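Here it is, the structure, as C-alpha cells.
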Amino acid sequence: MSDLFVDLTAPNGRKYKQPIGLFINNEFVGAKSGKKITTINPTDEREIATVHAAGSDDVDIAVKAARKAFKDPSWRDVATSTRGGLLNKLAKLVEEHAEVLATIETWDNGKPYSVALGEDVKGVVDVFRYYAGWADKIHGQVIDTTPNKFAYTIREPVGVCGQIIPWNYPLSMASWKLGPALACGNTTVIKAAEQTPLSILYLATLIKEAGFPPGVVNILNGYGQEAGAAIATHPDVDKIAFTGSTATGRQIMKLASVNMKNITLETGGKSPLIVFDDANLEQAAKWAHSGVMENSGQICTATSRILVQDVVYDKFVELYKEKIKLISKIGDPFKDDTFQGPQVSKAQYERVLGYIEAGKKEGATLTTGGVPYKDVNGKGFFIEPTIFTNVKDNMTIYREEVFGPFVVISSFKTEEEAIDRANDTTYGLGAAVFTQNITRGHKIARRIESGTVWINSSNDSDFRIPFGGFKQSGIGRELGEAGLAAYTNTKAVHVNLSGC
Ligand code: NAI
Ligand code: MG
C-alpha cells in the first residue's frame, strides 16, 4: 500500500497525498510491467515523484475492467439523470479540491498557478457540469416513412473508450474526454502523458468519491509507445480519442485500424492570425500576444503565424514587442505576477531552441528573444518570448508547429493573398481575423479552412462550443453538443406495422 501513495509538499507549501499507482476498478494498484515514470518539475529540474507505468498486460487488465463495467447493470442500466448526477458530484468535488489540483498542475507542468486554478481547473468543473446536464437529454428520433413502418433511432454509448491525452493541459484534456464519454454511458481507459502523470491520479480519488461504479473510469500512466500503443491496438477497445501531435495521431489511426475503432483526433496546428489595416491595432497586438504566448506557447490552437497588412506591419511589430515587455513576465509559476513559466520538459525546451536555430539559419530576422531565460533560479526550461520577422512561406519556422513562446510575423498586401496564405498549411485548427469591417470578417470566416475562427480575438475556447480541426489538425469534435456525437452510436430500429 505504501508503494501506492506518497506524502508530498509542493513548492507553495501545500501538503497532500499523491497516488502513484494505476487506477483500475476504483483502486490504485501496482503495475505488472514493473516500469516507472519519474516526473520532473520543469521550473527547477528536480524530481517530484515516481509513478507506476502500465505495460500491455496492465492495459489489458484495465480494458477488462472497463468492459465488465460497461456490461454491469450498475452502470448500463442506471437512469440517465443519475448518470448526470454522478458527473455533477464530480464537478463539485473538483471545485472543493481546486487548490490542490491546481498546485499539482503547476508543479508538474510549469504553468502559472493563477491560470491552473482560474482557467484549467475551473474549466474542468464547467465541462463536467455541462456534460452532467446533457446526460438525460440525449435522445434519438422517430422517422416517418409509410403507415406500415414505425422507425426510430436510439443513441447508444460506443462502449469501452481508450483516451490518450497530452501534457499541455492535463486536467482540461482529461475532462474534455471523460465528460462526454461518461454522460453518454461509456466506460474508459484514459492514459496521461509521461511528462505530467500526477494531477489525473489525484482526480482519480475524486472519481471514486463521486460514486462512479468500479471499472467505469480507469486511469493509467505509461509511455506512449507502450501503454498508448497497447490501448490503440487493443481488440476490445471500441473507440480511441487522442489529443497530441499530428505525427502520433497518424500513428494511432494506423494502430486503431486493427479492429476499426471509432476515432476522434485533435492534433497540431500552425494557426494564422490576420491583421488588416482597418483593425484596432492595439487590440490585435494584445490578442496576438496572448494567442501564442500563454501557457508558454504550448497551445494546440496557438495563433503562431501572424500575417499583417503591409501598411501597418511595422507599427504592429512595435506594438507586439511592447506587449511582450509589458505582459510576458517570466518567472516562478507559483508567483502571482508570473505570466510565463518554463516549457514542460527538457525535450520541449530543446525542440523550441532547435526551431530558433532553424529560423536563424534559414535567414529570418530574430527580432526579439531567441534565447533561454536563466534568471529564475539559474535552472528550469525557460525561453524568452521570441519573434521572427522577414519570414518566407517556405521556411520551417513558418510551416511547422513549434509549440513554444515563438511567433513568426509576415506581411501581405491584399485580402485574397491573406486568405490564400492563411490556408497554405496542412493544418486547420484555428484562425483569427482582425478587422473593423464586419462584412469582411464574416466573409473571411467562411473561407478559412479551420475548425475555429476568431474575429477580433484569439484562442477563445468555450465548453459549450465545438472544438476540433480541419485537414491534418484532427477528426471529429470535442465540447458542445457536437462532442456527444463522438461518444454515441446511432442505432436504427424498423418496426413492421403491416402485419405481413
Ligand atoms: P505526443 O503526441 O507524442 O504525445 C501525446 C500523447 O500521446 C501522450 O500521452 C503520449 O504518451 C501518447 N503517445 C505517444 N506515442 C504514442 C503511440 N505510438 N501510441 C499511442 N500513444 C502515443 O506528443 P509529444 O511527443 O509529447 O510532443 C511533441 C510535439 O507534439 C509538441 O512539440 C507539439 O508540437 C505537439 N503536441 C501537440 C499537442 C496538442 O495539443 N495539439 C499536445 C502535445 C504535443
Ligand atoms: Mg513534469
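Please enumerate the residues belonging to the stretch 214-249 that are out of contact with any strand residue (DSSP E or B) (no Cβ under 8 Å at 6 or more places or on another chain) and either open to solvent by less than 20 Å² (accessible area, probe 1.4 Å) or closer than 23 Å to L479 by Cβ (or both). So that I can check it myself, show each step before the final result.
We begin by selecting, within the stretch 214-249, every residue out of contact with any strand residue (DSSP E or B) (no Cβ under 8 Å at 6 or more places or on another chain); these are 225, 229-230, 233, 235, 245-247.
The answer is A230, S245, T246.
Okay, moving on. In the stretch 81-96, which residue that is over 21 Å from the mean Cα position of the chain (by Cα) and within 12 Å of V121 (Cβ to Cβ) is most open to solvent (accessible area, probe 1.4 Å)?
Here is the first cut: in the stretch 81-96, the residues over 21 Å from the mean Cα position of the chain (by Cα) are 81-86, 88-89, 92-93, 96.
Now drop any that are not within 12 Å of V121 (Cβ to Cβ), which leaves 93, 96.
Details: L93: 7, E96: 113 Å².
Among residues in the stretch 81-96 that are over 21 Å from the mean Cα position of the chain (by Cα) and within 12 Å of V121 (Cβ to Cβ), the one most open to solvent (accessible area, probe 1.4 Å) is E96.
While we're on this one: Tell me, yes or no, whether the stretch 189-201 has at least one residue that is away from ligand 1 (no atom under 16 Å from the Cβ) and either part of a helix (DSSP H, G or I) or more than 17 Å from the chain's Cα centre (by Cα) (or both).
Initial filter on the stretch 189-201 (away from ligand 1 (no atom under 16 Å from the Cβ)): none.
For the stretch 189-201, residues away from ligand 1 (no atom under 16 Å from the Cβ) and either part of a helix (DSSP H, G or I) or more than 17 Å from the chain's Cα centre (by Cα) (or both): absent.
If you take the residues in the stretch 139-159 that are in a loop (DSSP other than H, G, I, E, B) and open to solvent by 60 Å² or more (accessible area, probe 1.4 Å), which one is nearest to R67 (Cα to Cα)?
Residues of the stretch 139-159 in a loop (DSSP other than H, G, I, E, B): 139-141, 144-148, 158-159.
Still in the list and also open to solvent by 60 Å² or more (accessible area, probe 1.4 Å): 139, 141, 144-148.
Details: H139: 23, Q141: 28, D144: 35, T145: 37, T146: 39, P147: 40, N148: 38 Å.
Taking the candidates together, the pick is H139.
Of everything in the stretch 182-197, what is within 14 Å of ligand 2 (Cβ to nearest atom) and surrounded by 24 or more Cβ atoms within 10 Å (Cβ to Cβ)? Give them in sequence order. Quick ask: steps written out before the conclusion?
At the first step, the residues of the stretch 182-197 found to be within 14 Å of ligand 2 (Cβ to nearest atom) are 192-197.
Within the stretch 182-197, A192, A193, T196, P197 qualify.
Here is a follow-up. Among all residue pairs at least 6 apart or on different chains, which show Cβ distances below 8 Å where the first residue, located in the stretch 39-64, is outside the structural domain of A193 (by TED's automatic domain parsing) and the second is within 15 Å of ligand 1 (Cβ to nearest atom) and assigned to a loop (DSSP other than H, G, I, E, B)?
Short answer, once both residue conditions are applied: none.
Within the group S74, S33, which residue is exposed (fewer than 15 other Cβ atoms within 10 Å of the Cβ) and either part of a strand (DSSP E or B) or more than 16 Å from ligand 2 (Cβ to nearest atom) (or both)? Working first, answer last.
Numbers: S33 fails: exposed (fewer than 15 other Cβ atoms within 10 Å of the Cβ).
S74 is the lone residue from the list that is exposed (fewer than 15 other Cβ atoms within 10 Å of the Cβ) and either part of a strand (DSSP E or B) or more than 16 Å from ligand 2 (Cβ to nearest atom) (or both).
Next question, about the same structure. Which pairs turn up if I take residues in the stretch 71-94 that are on the phi < 0 side of the Ramachandran plot and look for partners that are open to solvent by 30 Å² or more (accessible area, probe 1.4 Å) with beta carbon separation below 6 Å, at least 6 apart in sequence or on another chain?
Close Cβ pairs satisfying both conditions: T80/D136; S81/D136; G84/D136; L86/G211; A91/R129; L93/E209.
A follow-up question, please. What tally of residues in the stretch 369-401 results from selecting those that are part of a strand (DSSP E or B) and under 16 Å from V292 (Cβ atoms)?
Of the residues in the stretch 369-401, the ones part of a strand (DSSP E or B) are 372, 383, 386-389.
Narrowing the set further to residues that are under 16 Å from V292 (Cβ atoms) leaves 383, 386-389.
Final tally of qualifying residues: 5.
Would you check which residues across the stretch 50-62 are crowded, with 22+ Cβ neighbours inside 10 Å and not in a loop (DSSP other than H, G, I, E, B) and list them?
Within the stretch 50-62, the subset crowded, with 22+ Cβ neighbours inside 10 Å is 51-54, 58-59, 62.
Scanning the stretch 50-62 gives V51, H52, A53, D58, V59, A62.
Only one of (1) open to solvent by 10 Å² or more (accessible area, probe 1.4 Å); (2) more than 15 Å from Y487 (Cα to Cα) is not met by T103, so which one is it?
Exception for T103: condition (1).
Where residues in the stretch 336-358 are away from ligand 2 (no atom under 16 Å from the Cβ) and touching a residue at least 40 places away in the same chain (Cβ under 8 Å), which of them is surrounded by the most Cβ atoms within 10 Å (Cβ to Cβ)?
It comes out as Q340.
A further question on this structure: Failed condition for G133, given (1) in a helix (DSSP H, G or I); (2) under 17 Å from A53 (Cβ atoms); (3) away from ligand 2 (no atom under 16 Å from the Cβ), with all others met?
(2)
Q225 versus (1) touching a residue at least 24 places away in the same chain (Cβ under 8 Å); (2) away from ligand 2 (no atom under 16 Å from the Cβ); (3) in a helix (DSSP H, G or I): which is the lone unmet condition?
So Q225 meets the others, but not (1).
Quick check on the stretch 448-455. Is at least one of its residues assigned by TED's automatic domain parsing to the domain that holds P372, under 26 Å from E318 (Cα atoms) and in a helix (DSSP H, G or I)?
Filtering the stretch 448-455 for residues assigned by TED's automatic domain parsing to the domain that holds P372 gives 448-455.
From what's left, under 26 Å from E318 (Cα atoms): 453-455.
So of that shortlist, the ones also in a helix (DSSP H, G or I) come out as none.
No; the residues of the stretch 448-455 include none that is assigned by TED's automatic domain parsing to the domain that holds P372, under 26 Å from E318 (Cα atoms) and in a helix (DSSP H, G or I).
Now a separate question. Which condition number in (1) part of a loop (DSSP other than H, G, I, E, B); (2) open to solvent by 40 Å² or more (accessible area, probe 1.4 Å); (3) touching a residue at least 12 places away in the same chain (Cβ under 8 Å) is the one that L366 fails?
Only one criterion in (1) part of a loop (DSSP other than H, G, I, E, B); (2) open to solvent by 40 Å² or more (accessible area, probe 1.4 Å); (3) touching a residue at least 12 places away in the same chain (Cβ under 8 Å) is unmet by L366, namely (1).
Any chance you could count how many residues in the stretch 413-447 are part of a loop (DSSP other than H, G, I, E, B) and open to solvent by 10 Å² or more (accessible area, probe 1.4 Å)?
Number satisfying all stated conditions: 8.
Related question: Looking only at the stretch 202-224, which residues are farther than 21 Å from D108 by Cβ and either within 16 Å of ligand 1 (Cβ to nearest atom) or of a type in the set (A, V, I, L, M) (or both)?
Across the stretch 202-224, the qualifying residues are A210, V216.
Only one of L265, L255 is of a type in the set (A, V, I, L, M, F, W, C), modelled with pLDDT of 95 or more and surrounded by fewer than 24 Cβ atoms within 10 Å (Cβ to Cβ); which?
Values: L265 fails: surrounded by fewer than 24 Cβ atoms within 10 Å (Cβ to Cβ).
Only one candidate qualifies: L255.
The values are calculated or read from the model by the stated rules, or taken from the named source; none is laboratory data. Owing to the predicted nature of the structure, the values given are computational and were not obtained by experimental measurement. Don't worry about glycine lacking a Cβ; one is built from the backbone with ideal geometry, like all the others, and counts go over all protein chains shown. To get the accessible areas, we keep the full protein, side chains included, count just its heavy atoms, and leave off ligands, DNA and RNA. Shrake-Rupley method; radii C 1.70, N 1.55, O 1.52, S 1.80 Å.
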